[in-house]
Amino acid sequence: MTGMGRGTWLPLSLLLLALPAASRAQDPCAADAARWCSGKAPADLLSCLQSHRADLSGSCRDYVEWAMVSVEALIQDCQPDAFQLCRNVGRGEPTVTCLSKNQGKLTRRCQEYFDAFIRAEVAIARDCGAEVARSCPDVKAGRGDLYICLVLKGKDLSPACRKAMVR
């Protein structure tokens, strides 16, 4: 995708997981993810699925392509905020952390994604206790930071936690 190079400031899977829950109600990639990407952190999942594109089921392949288009839209929505508020912090996780700290100052379109992270934390608190204790023990819930931490650092998530992460 042509715009991906400029959008590398935000991990792709973090963006994928922020997509509206209705669009992900049935995970068309669950079997492929278990087969090809078992044990991968959520931040590595989309990249892993892309690397096995030829081996994926048709529905998963279609979903990955749709996700990449959606990710590009999200990057475009948050890129001005990242440039204005976080240009000197470094790419990837530092930019995500900076944007999270600037909630309330973000454009409406970018803020909507962080609002989705916050909504996801309700399910995470219920279904990801062991994963949070292991991967994100010092991160506090409430601003989406716990969700972001599990996306970036969570490995070997339980099935219930994975489900909570994609609601």
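The values are calculated or read from the model by the stated rules, or taken from the named source; none is laboratory data. Computed from a predicted structure; not experimentally measured. Counting neighbours? That spans all protein chains shown, and the Cβs are built from the backbone with ideal geometry, glycine included. Heavy atoms of the whole protein, side chains included, go into the accessibility calculation; ligands, DNA and RNA do not. Shrake-Rupley method; radii C 1.70, N 1.55, O 1.52, S 1.80 Å.
Of the residues making up the range 111-167, those that are at pLDDT below 85 and basic (Lys, Arg) are ARG119, LYS140, ARG143, LYS153, LYS155, ARG162, LYS163, ARG167. Looking only at residues in the range 47-89 that are under 30 Å from LYS105 (Cβ atoms) and of a type in the set (Asp, Glu), the one that is nearest to the chain's Cα centre (by Cα) is GLU72. Going through (1) in contact with a helix residue (DSSP H, G or I) (Cβ under 7 Å, 6 or more places away or on another chain); (2) surrounded by 18 or more Cβ atoms within 10 Å (Cβ to Cβ) one by one, LYS105 falls short only on (2).
Residue count for the range 146-161 under the criterion of being in a helix (DSSP H, G or I) and either under 12 Å from ALA120 (Cβ atoms) or of a type outside the set (D, E, K, R) (or both): the result is 10. Has the range 45-60 got any residue that is among the acidic types (Asp, Glu), out of contact with any Phe, Trp or Tyr (no Cβ under 7 Å at 6 or more places or on another chain) and modelled with pLDDT of 65 or more? Among the residues of the range 45-60, not one is among the acidic types (Asp, Glu), out of contact with any Phe, Trp or Tyr (no Cβ under 7 Å at 6 or more places or on another chain) and modelled with pLDDT of 65 or more, which makes the answer no.
Condition check ((1) in contact (Cβ under 8 Å) with a residue 12 or more places away in the chain; (2) out of contact with any Leu (no Cβ under 8 Å at 6 or more places or on another chain); (3) not aromatic (Phe, Trp, Tyr)) across all residues:
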site: GLN79; (1), (2), (3): yes, yes, yes
site: PHE83; (1), (2), (3): no, yes, no
site: CYS98; (1), (2), (3): yes, no, yes
site: CYS110; (1), (2), (3): yes, no, yes
site: TYR113; (1), (2), (3): yes, no, no
site: GLU121; (1), (2), (3): yes, no, yes
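Restricting attention to the range 133-165, the residues that are in contact (Cβ under 8 Å) with a residue 12 or more places away in the chain, among the hydrophobic types (A, V, I, L, M, F, W, C) and surrounded by fewer than 20 Cβ atoms within 10 Å (Cβ to Cβ) total 2. Applying the criterion of being assigned to a helix (DSSP H, G or I) and of a type in the set (A, V, I, L, M, F, W, C) to the residues of the range 90-107, the residue that is modelled with the lowest pLDDT is VAL96. Any residue at all in the range 53-67 that is touching a helix residue (DSSP H, G or I) at 6+ places or on another chain (Cβ under 9 Å), open to solvent by 70 Å² or more (accessible area, probe 1.4 Å) and not charged (D, E, K, R)? So far as the range 53-67 goes, yes, one or more of its residues are touching a helix residue (DSSP H, G or I) at 6+ places or on another chain (Cβ under 9 Å), open to solvent by 70 Å² or more (accessible area, probe 1.4 Å) and not charged (D, E, K, R). If the condition is being touching a helix residue (DSSP H, G or I) at 6+ places or on another chain (Cβ under 8 Å), part of a loop (DSSP other than H, G, I, E, B) and of a type in the set (D, E, K, R), then the range 108-145 contributes LYS140, ARG143.
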